[in-house]
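The block underneath contains the structure these notes are about, expressed in structure tokens.
The values are calculated or read from the model by the stated rules, or taken from the named source; none is laboratory data. Computed from a prediction, not measured in an experiment: that's the story for all the values here. With ideal geometry, Cβ positions are generated from the backbone for all residues, glycine too; neighbour counts draw on all protein chains shown.
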Amino acid sequence: MATVFYTLNHINEDIYKKAHQTSGRYDANVSEFEAVGLTPEFKSDFQAPFVKESTIQLGIALREKIDITINNTIMVIGEIVQLYIPKDCLHEDGFVDIEKQIRLLVPVWIVTTKQCG
């Protein structure tokens, strides 16, 4: 299996309309970033782009895919290998307080992917 990397990017009030548009169907040669007006951001040699406008970002490496035949879906299991959180959101015990970020909405995420190998 080729290594696949993806990111989860928290959606805030400033980008929620653009983020919603990423669920649309786009041709393989169309950049969703360009189509919806978001900015790709590469960090620390991670292969998949983060969403620059997002303040909470997770870089994830695919570890396993499990076919679920009952509803014809795939469960994706990944390992968080990079994590970017504003310091004021992280408690000493590891709790992430997303409510400390101004203008955040419900925890919804934009996922970006990059396949290597």
Query raised in the report: Looking at (1) under 29 Å from residue 99 (Cβ atoms); (2) of a type outside the set (A, V, I, L, M, F, W, C); (3) outside any strand (DSSP E or B), which is the one condition that is false for residue 26?
Result: (1)
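Go through the residues of the stretch 42-59 one by one and say whether even a single one is within 13 Å of residue 6 (Cβ to Cβ), surrounded by 13 or more Cβ atoms within 10 Å (Cβ to Cβ) and touching a Pro at 6+ places or on another chain (Cβ under 7 Å). Outline the logic, then answer.
Narrowing the stretch 42-59 to residues within 13 Å of residue 6 (Cβ to Cβ): 46-51, 57-59.
Narrowing the set further to residues that are surrounded by 13 or more Cβ atoms within 10 Å (Cβ to Cβ) leaves 46-51, 57-59.
When the remaining residues are screened for being touching a Pro at 6+ places or on another chain (Cβ under 7 Å), the result is 49.
Yes - at least one qualifying residue is present in the stretch 42-59.
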Query raised in the report: Does residue 42 meet the test of being out of contact with any Asp or Glu (no Cβ under 7 Å at 6 or more places or on another chain), of a type in the set (A, V, I, L, M, F, W, C) and closer than 27 Å to residue 99 by Cα?
Result: yes
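Quick check on my filter: what residues within the stretch 66-78 are over 20 Å from residue 46 (Cβ atoms) and surrounded by 10 or more Cβ atoms within 10 Å (Cβ to Cβ)?
Matches in the stretch 66-78: 73 only.
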**Report entry** Whichever residue in the stretch 92-101 is more than 15 Å from residue 58 (Cβ to Cβ) and exposed (fewer than 10 other Cβ atoms within 10 Å of the Cβ) and, among such residues, is modelled with the lowest pLDDT
**Finding:** 99
Query raised in the report: Conditions: (1) modelled with pLDDT of 90 or more; (2) closer than 27 Å to residue 98 by Cα; (3) not in a strand (DSSP E or B); (4) not acidic (Asp, Glu). Residue 8 meets all but one. Number of the miss?
Result: (3)
Requested in this report: Report, ordered by the first and then the second residue, all pairs with beta carbons closer than 6 Å, sequence separation of six or more or different chains, a first member in the stretch 36-52 that is without any contact (Cβ under 8 Å) to a residue 24 or more places away in the chain, and a second member that is surrounded by 13 or more Cβ atoms within 10 Å (Cβ to Cβ) and outside any loop (DSSP other than H, G, I, E, B).
Outcome: 36/18; 36/21; 37/18; 41/50; 52/41
